[in-house]
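Have a look at the structure below, then the notes.
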Amino acid sequence: MFVCGGDGTVRSCAGALAGTRVPMAVLPGGTGNLLAANLGIPTDTAAAAHLAVAGTRRRIDVGEVDGEVFTVMAGMGFDAHMLRATPEPLKARLGWFAYLLGGARRLRDRPMRVSVALDDRVVLHRRARSVLVANVGRLQGGLNLLPDASPDNGTLDIAIVTPRSLADWARLGTALLLRLPRPPRMEVHRCREVTIRSVATQARELDGDVVATAARLHARVRPRSLTVCVPAEPA
């Protein structure tokens, strides 16, 4: 099945194809195209379409929140506020850079008080700006937020982002750009299922689509449930 569009379109189609053996051929056509970028799918439409016959098939995980799947990332807090603050005309004109402008408006927001329950382990209590549930690690502009994340390892990577000031944001951004192994004000965990609870309702997003606000985000992994056409590995 050919899917032409951005990560939101891909997410909608993935929801129908997950759990089947029908392969999905992604033709990137959106702002971020993050699933394509993480799987090495070219942005050129003809080259991406060629993978349906000349590429290989890769079974990848998907995440699930409230019965909806995501292939890239779900989140609560700053990331969802950033997406909501970025108007569509600006995205059409500036591409992914528009998200930086939208995010700049929310840097001084108050942190969330959250609990994060990872599988059956101890519940974490944090004051966080954002909690991300990731199936892959690469973001817009080639920023590798979670370099150890893999779309077919049967787990989700959880990033709890806790900057308290503009200086903290600057240090975190610099560490990510320099690819330092332990960025400040961000802790990373890995699990198969996670429940994030906030004391107040928060903005939430799935693969760049803002969804209903809520005080809870529960996600679980569905291992290797989606088949995607990807470039063949070098011989």
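Points worth noting:
- Counting every other Cβ atom within 10 Å of each residue's Cβ, VAL228, VAL3 order from fewest to most as VAL3, VAL228.
- Whether segment 68-221 is rounded, prolate or oblate, judged on the alpha carbon gyration tensor where a/c under 1.5 counts as rounded: rounded
- Listed residues MET24, ALA74, MET186: farthest to the positive end of the dipole of the chain (Cβ charges): MET186
- Fewest-first ranking of LEU132, LEU39, using other Cβ atoms within 10 Å as the exposure measure: LEU39, LEU132
- Here is how the number arises for the chain: DSSP H runs of 4 or more residues each give -39500 (n - 2.57), the sum is divided by the residue count, and the result at 222 nm is -7000 deg cm²/dmol.
- Under the convention that each Lys and Arg Cβ holds +1 and each Asp and Glu Cβ holds -1, the size of the dipole of the chain around its Cα centre is about 760 debye.
- For GLY29, distant residues with modelled amide H under 5 Å away: GLY5, GLY6
- Relative contact order computed over the chain (Cα-Cα under 8 Å; 6+ residues apart), in percent: 29 percent
Computed from the coordinates by the stated procedures, all read-outs in this text should not be read as laboratory data. Note that the coordinates shown come from a computational prediction; the quantities given were computed from them, not determined experimentally. Backbone-built Cβ (ideal geometry, glycine too); neighbour counts: all protein chains shown.
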